[in-house]
1. Taking Cα atoms, how many degrees apart are the long axis of helix 289-302 and the longest axis of the chain, rounded to 10 and kept between 0 and 90?
2. Please work out the Cα center distance from segment 145-216 to segment 8-78, rounded to the nearest Å.
3. Relative to the present Cα-Cα distance, how much length would full extension add between Asn147 and Tyr131 at 0.36 nm per residue of separation?
4. Which percent, nearest 5, of DSSP beta bridges in the chain are antiparallel?
5. Among the lysines, which fall within straight-line cross-link reach of Lys16, defined as a Cα-Cα distance under 22 Å, with same-chain neighbours fewer than 8 residues apart omitted?
6. When the chain is treated as a GNM, springs tying every alpha-carbon pair under 10 Å, which of Lys280, Lys190, Lys16 comes out with the largest mean-square fluctuation?
7. So what's Rg/Rh here for segment 132-306, counting alpha carbon atoms and using the Kirkwood radius for Rh?
8. If packing is taken as the average count of other Cβ atoms within 10 Å, what order do 304-310, 244-250 fall into, highest mean first?
Amino acid sequence: MTDEINLPDYLVSAGKPISIPYNGAVARVLFGPIAFSRVRQWISSGDFDILHLHEPAIPSISLLACWAAEGPMVGTFHAAAKHQKVIYAIGPILEPAIEKLSARIAVSEAARLTLTSHLETDAVVIPNGIYAKRYANGVAREKWSGNTIGFIGRFEEPRKGLHVLLEALPIITRFAPDVRVLVAGPGDPKDVEESIDPQLRHRFEFLGRISEDDKADFMSSVAIYVAPNTGGESFGIILAEALAGGACVVASDIPAFDSLLGSGKYGALFPSENPTELAKVVIDLLRDENKRVELAKSGKEHAQIFDWDVVAKDIFSIYEMALVGGEKISLSSENRPWNRFLSREGDKD
């Protein structure tokens, strides 16, 4: 099939995903009998010691694998939201699958609370990993330096909060007339540019997608990195990368960001969706270089706990716990209705 062309040997295609709105973003989901058949073939031929499934509580390849397999399985849960309608809707068929997991990981306390409130099960918190050393070695570039505010993300997604920064900018420029906003990430800037006050458009620069090396330099260059996200975040990996790169971070006080930044110890916080308060925090930091430097220093030290050298050891300890029984992964012998239906329909492919 065309979706299998030029895949490296360590990747196996389960088919072509579809895009659906999920948790304020767009998720690429693959689910159904054909995918289930491919997952079963993969499990049968893989001779795996353990399966590590990401987000097995939503219709996905991970959930299909959880249904199809038995043996040592670890699930990592990323989503953080007060009301997960999908989980509520399919809760009765999720619970038996989640109970099959040997261990559960949540990437943040916010993700853990989502899991406990929706499925009445718990997890150990292990954060997402980053290559902290790569970001620590970033080199400041003159073109991104000065009184600059950095933003990285899919700026077309409302939950990323660029509109909050746009509303704060007129206030910021009254006290910092030379400030510039550098926006990196995928998307068409045309609509955003049209919403910017014409007198302020020259202060914006859209960089498009940037490489990981460029991102490290970006974080080392900007005076302040702003994450004005309005919700739907379970961790905030871009914040961890910004901290590791030595940026002074300003973020909205959504639960995941508040937790990652130590309630303001490692980065400044402002009330979510409040451009006036965002402006006040940014102005205060632009005026006080010593405060910026100290905040960036403490943040950079804190970011080391997210380095893969640390995170991988924690995950491996979970693997060791899950493998205590000595069994390997095999195809499930369960005869639940959805297993029978998916297997029968998939065999028609």
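Read-outs: derived from the displayed coordinates by stated rules, not from any lab. Since this is a predicted model, take the numbers as computed values, not measurements. For neighbour counting, all protein chains shown are included, and Cβ atoms are generated from backbone atoms with ideal geometry for every residue, glycine included.
1. 20
2. The two parts, judged by their Cα centres, are 36 Å apart.
3. Taking 0.36 nm per residue and subtracting the Cα distance, the gain is 3.1 nm.
4. Once the DSSP bridges in the chain are tallied, antiparallel ones form about 20 percent.
5. Partners within reach: Lys348.
6. With Cα springs under 10 Å in the chain, the top fluctuation among Lys280, Lys190, Lys16 is at Lys190.
7. Radius of gyration relative to Kirkwood radius: 0.92.
8. For the peptides 304-310, 244-250, the packing ranking is 244-250, 304-310.
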